[in-house]
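**Student:** Handing you a structure now.
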């Protein structure tokens with residue numbers, strides 16, 4: 001069973017980036033767009049090469065983010081989320097990263 005649905009189409013991503021609401025805390029940015037037509041929540045994690053030149057570090061942070069979002073219950077149905085990560089989050093532990101994600105989602109009113 002899949003834990004969440006991923007945003008795959010570039011046009012969907014561009015729509016979210018242009019029309020979505022943006023919230024930034026330290027080096028974590030969340031852009032979200034509520035949609036009425038589809039009740040599924042979709043996510044995409046953007047971790048660029050500026051984060052780390054090594055793909056293993058970028059994949060590690062993506063795995064951690066996926067695990068955090070599988071544990072968090074989002075109360076609103078039909079939300080597209082774009083999570084953009086900057087470099088200082090590489091040193092944070094899983095628990096610190098989870099607290100940061102929860103605080104930014106509370107600020108957005110999604111949990």
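The values are calculated or read from the model by the stated rules, or taken from the named source; none is laboratory data. From a predicted model like this one, the values you see are computed outputs, not experimental measurements. Here Cβ is always computed from backbone atoms with ideal geometry, including for glycine, and neighbour counts include all displayed protein chains.
**Student:** Would you check if residue 14 is within 21 Å of residue 95 (Cβ to Cβ) and either at pLDDT below 85 or not in a strand (DSSP E or B) (or both)?
**Tutor:** Values: within 21 Å of residue 95 (Cβ to Cβ): no; either at pLDDT below 85 or not in a strand (DSSP E or B) (or both): yes.
Against the criterion (within 21 Å of residue 95 (Cβ to Cβ) and either at pLDDT below 85 or not in a strand (DSSP E or B) (or both)), residue 14 does not qualify.
**Student:** Related question: Find all pairs meeting these conditions: Cβ atoms under 9 angstrom apart; at least six residues apart or on different chains; first residue within segment 64-85 and on the phi > 0 side of the Ramachandran plot; second residue in a loop (DSSP other than H, G, I, E, B).
**Tutor:** 78/35; 78/36; 78/37; 78/38; 78/39; 78/40; 78/41
**Student:** Any chance segment 1-8 includes a residue that's touching a strand residue (DSSP E or B) at 6+ places or on another chain (Cβ under 9 Å) and farther than 21 Å from residue 66 by Cβ? Write out each step before concluding.
**Tutor:** Just the residues of segment 1-8 that are touching a strand residue (DSSP E or B) at 6+ places or on another chain (Cβ under 9 Å), to begin with: 4-8.
Then keep just the ones that are farther than 21 Å from residue 66 by Cβ; that gives none.
No, that holds for no residue.
**Student:** Quick one: which of 51, 45 is part of a loop (DSSP other than H, G, I, E, B) and surrounded by 14 or more Cβ atoms within 10 Å (Cβ to Cβ)?
**Tutor:** Numbers: 45 fails: part of a loop (DSSP other than H, G, I, E, B).
Only one candidate passes the filter, namely 51.
**Student:** Tell me which residues, restricted to segment 13-23, are under 15 Å from the mean Cα position of the chain (by Cα) and surrounded by 13 or more Cβ atoms within 10 Å (Cβ to Cβ).
**Tutor:** Residues satisfying the conditions are 13, 16, 17, 20, 23.
**Student:** Then there's this: Considering only residues that are under 14 Å from the mean Cα position of the chain (by Cα), at pLDDT 90 or above and more than 25 Å from residue 15 (Cβ to Cβ), which ones fall in segment 65-105?
**Tutor:** 67, 97, 98, 99, 100, 102, 103
**Student:** Those residues that are out of contact with any strand residue (DSSP E or B) (no Cβ under 8 Å at 6 or more places or on another chain) and either over 25 Å from residue 90 (Cα atoms) or not in a strand (DSSP E or B) (or both), I need them from segment 17-42; list them, please.
**Tutor:** 18, 26, 36, 37, 38, 39 - these are the residues of segment 17-42 that are out of contact with any strand residue (DSSP E or B) (no Cβ under 8 Å at 6 or more places or on another chain) and either over 25 Å from residue 90 (Cα atoms) or not in a strand (DSSP E or B) (or both).
**Student:** Go through (1) in contact (Cβ under 8 Å) with a residue 24 or more places away in the chain; (2) assigned to a helix (DSSP H, G or I); (3) loosely packed, with under 14 Cβ neighbours inside 10 Å one by one and return the number of the condition residue 89 breaks.
**Tutor:** Status for residue 89: all satisfied but (3).
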